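Novice: Sharing a structure, written as structure tokens. Questions coming.
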Amino acid sequence: MVDDLGFRLARVARQLRTQWGERLGTIALNQPQAAILRTLAGAPGLGLREISRIIGADPSNLRREIERLAKRDLLIVETPQHAGIKATLALTTAGEQLANEIEQLARVQMASTIDQLSLGDQAALTRVIAQLEVLTGITESTPENEKDSRSTSRVGAG
């Protein structure tokens, strides 16, 4: 069973990504666009590079998506008044409304998948995913991750 764990993880991720893309299609967004809007809803005033780092996507690809969102009047690019200051992005009222719709879709996605797990399984999955994110370099190790890793190691060592 462990031999095919990587394949199984990839298959689950691919299926979740496909389902998420289908849900976003109902509001005429793709996944990078939704990620940009969700990020700005939680942290307005970010620049392209910061959003790229948070989302984990190439800045040149995000730049195209930002231009598309701006053309749809979902966000605005606030250009700096002084040289050397980065441009920042902010949601328009329509962008904020769409970000709220994205959050509703995310809740539906969670209700159809993760919420079907027991609370204990959800907690275990959260811990394991956090560990995998550190191991794969997605996130940096934090004291909480290290504590979770040690407690998991002790449990498995018995």
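The values are calculated or read from the model by the stated rules, or taken from the named source; none is laboratory data. On a predicted model such as this, the values are computed, not experimentally measured, just so you know. Don't worry about glycine lacking a Cβ; one is built from the backbone with ideal geometry, like all the others, and counts go over all protein chains shown. For the accessible areas, the whole protein counts, side chains as well, though only heavy atoms, and no ligand, DNA or RNA atoms are used. Shrake-Rupley method; radii C 1.70, N 1.55, O 1.52, S 1.80 Å.
Novice: Report ³J(HN,Hα) in whole Hz for each residue of the stretch 32-39, in order, from the Karplus equation J = 6.51 cos²θ - 1.76 cosθ + 1.60 where θ = phi - 60°; Gly and Pro get x.
Specialist: My calculation for the stretch 32-39 gives x, 4, 5, 5, 5, 5, 5, 5 Hz in order.
Novice: A further question follows. Give me the one-decimal nm value for the distance between modelled label points at Ile27 and Ala10, 7 Å along each residue's Cα-to-Cβ direction.
Specialist: 3.1
Novice: Against the longest alpha carbon principal axis of the chain, how many degrees, from 0 to 90 and to the nearest 10, is the axis of helix 93-112 turned?
Specialist: So the helix axis and the longest Cα principal axis differ by about 20 degrees.
Novice: Still on this structure, please answer the following. At 1.4 Å probe size, with no ligands or nucleic acids counted, give the accessible surface of Ile54 in Å², nearest ten.
Specialist: Probe radius 1.4 Å; accessible area of Ile54 about 90 Å².
Novice: OK, next. What part of the accessible area of the stretch 51-90, given as a whole %, is carbon or sulfur when the probe is 1.4 angstrom?
Specialist: So the carbon and sulfur contribution to the accessible surface is 50 percent.
Novice: Given the rule -39500 (n - 2.57) for each run of at least 4 DSSP H residues, summed and divided by the residues of the chain, what is its mean residue ellipticity at 222 nm, to the nearest 500 deg cm²/dmol?
Specialist: -22000 deg cm²/dmol
Novice: Between Leu117 and Asn61, what's the calculated FRET efficiency when r is the beta-carbon distance and R0 is 41 Å? Round to 0.05.
Specialist: Computed FRET efficiency for Leu117 and Asn61: 0.80.
Novice: Name the long-range amide H neighbours of Leu75: under 5 Å, sequence gap of 5 or more, or other chain; modelled H, no Pro or chain starts.
Specialist: Here Ala70, Thr92 satisfy the definition.
Novice: Return the FRET efficiency for the residue pair Ala70, Ile138: r is the Cβ-Cβ distance, R0 is 35 Å, and the value is rounded to the nearest 0.05.
Specialist: Computed FRET efficiency for Ala70 and Ile138 comes out at 0.80.
Novice: Going by alpha carbons, how many degrees (0 to 90, nearest 10) lie between the helix axis of 59-71 and the longest principal axis of the chain?
Specialist: So the helix axis and the longest Cα principal axis differ by about 50 degrees.
Novice: Turning to a different aspect of this structure: Keeping every protein chain present and rolling a 1.4 Å probe, give me the accessible area per residue for the stretch 62-112 in Å².
Specialist: Each residue of the stretch 62-112 exposes 65 Å² on average to a 1.4 Å probe.
Novice: I would also like to ask the following. Quick one, which of (1) 132; (2) 96; (3) 148 is the actual volume of the Cα convex hull per residue in Å³ calculated for this model?
Specialist: (3)
Novice: Counting only protein chains, not ligands or nucleic acids, how are Ile66, Ile55 ordered by accessible area (probe 1.4 Å), most first?
Specialist: The ordering from most to least exposed comes out as Ile55, Ile66.
Novice: Taking the full set of protein chains and a 1.4 angstrom probe, give the accessible area of Ser141 in square angstrom, rounded to the nearest 10.
Specialist: Per-residue accessible area (Ser141): approximately 60 Å².
Novice: Here's a follow-up. Taking the Cα atoms only, what angle lies between the long axis of helix 5-25 and the longest principal axis of the chain, rounded to 10 degrees?
Specialist: It works out to around 30 degrees.
Novice: At 1.4 Å probe size, put Glu101, Glu22 in order of accessible surface, largest to smallest.
Specialist: Glu22, Glu101
Novice: If Arg17, Arg8, Arg49 are ordered by their accessible area, calculated over protein heavy atoms with a 1.4 Å probe, which sequence runs from highest to lowest?
Specialist: Of Arg17, Arg8, Arg49, the descending order of accessible area is Arg49, Arg17, Arg8.
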